[in-house]
Each structure stands twice: as C-alpha cells, then as structure tokens.
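Down below is the structure, laid out as structure tokens.
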Amino acid sequence: MSSFFSAKAQQDNTIKILTASEFNEGINNNDVQLVDVRTAKEFNDGAIKNALNIDFFQQEIFNEEFGKLNKEQPVYLYCRSGNRSHQAALKLEAMGFKEIYDLKGGYMGWPDKK
C-alpha cells in the first residue's frame, strides 16, 4: 500500500525536479521566483544570480517570506545538494503553490557558480 502512495507522489504535477540545464532554461524566464533555501552563510559563499535567500532552517521566517510570494507564479528552488529544496518544495505544495521546480543535485551541481 505504501508503494501506491509513493508512486502517486512521484506522479504529482506540482513539483518537478529539473537538471541544471532545464533549471537554467526555466529561470531565464522573467516570470519566475528563484529561491535559495540554504543558510545565509552558504548563500553569501555563492549563489545563482538573482536568487532570493529564504533559509529553510528558519521556519518562522521561511513561512513568512514564502507567504509574500505569488502562489500562482512558478517557484524555482535550490539548496546545497537537493535535500532541503525537496523538503521546501513539499512544504510549498502544502501552502498552495501551483508550480514548483527543484534543482536536481542542488547548487553543488550548478555549472556556473559565482
């Protein structure tokens, strides 16, 4: 029975995991919200251009800041390796966000680190 539910979750159209090239193509569209869910220190050590930093570990601030974003507009998320951004994506889905894209492998797999 649990495999049925995990299969259902993988078919969910709200959250999509993208390769770095797919993610890059998506964020070049000006109508997206790009969010780095790493800590401020990680963010300051390097981030994807134009990303907003909302630390997943600071749950009160996380909820408040995501509450200000447009739930109808696509959200592109990333973290260091993909774990936190996936957890964040599930939380955003529960908050009512309609289109969520998660960077596979996180910032560690991003080819254009700055």
Looking only at residues that are touching a residue at least 12 places away in the same chain (Cβ under 8 Å) and either farther than 14 Å from Val37 by Cα or over 11 Å from the mean Cα position of the chain (by Cα) (or both) in region 81-103, which one is surrounded by the most Cβ atoms within 10 Å (Cβ to Cβ)? Phe97
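Restricting region 59-80 to residues that are of a type in the set (A, V, I, L, M, F, W, C) and assigned to a helix (DSSP H, G or I), which is surrounded by the fewest Cβ atoms within 10 Å (Cβ to Cβ)?
Looking at residues that are of a type in the set (A, V, I, L, M, F, W, C) and assigned to a helix (DSSP H, G or I), I get Ile61.
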Selected residue (criterion: farthest from Ile15 (Cα to Cα)) from residues of region 68-80 that are under 8 Å from the mean Cα position of the chain (by Cα) and among the hydrophobic types (A, V, I, L, M, F, W, C): Cys79
Find all pairs meeting these conditions: Cβ atoms under 6 angstrom apart; at least six residues apart or on different chains; first residue within region 55-80 and under 16 Å from Ala40 (Cβ atoms); second residue basic (Lys, Arg) and surrounded by 11 or more Cβ atoms within 10 Å (Cβ to Cβ). Phe56/Arg84; Cys79/Arg38; Arg80/Arg38
Residue list for region 9-39, filter: of a type outside the set (S, T, N, Q), part of a loop (DSSP other than H, G, I, E, B) and at pLDDT 95 or above: Val37, Arg38
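A quick yes/no check of all residues on (1) at pLDDT 95 or above; (2) within 18 Å of Glu22 (Cα to Cα); (3) touching a helix residue (DSSP H, G or I) at 6+ places or on another chain (Cβ under 9 Å):
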| residue | (1), (2), (3) |
| --- | --- |
| Ile48 | yes, yes, yes |
| Asn53 | yes, no, yes |
| Phe56 | yes, no, yes |
| Ile61 | yes, no, no |
| Phe66 | yes, no, yes |
| Pro74 | yes, yes, yes |
| Tyr78 | yes, yes, yes |
| Asn83 | yes, no, yes |
| Ala88 | yes, no, yes |
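The values are calculated or read from the model by the stated rules, or taken from the named source; none is laboratory data. The shown structure was predicted, so the numbers you read here are calculated from the model rather than taken from an experiment. Cβ atoms come from the backbone with ideal geometry, glycine included; neighbour counts cover every protein chain shown.
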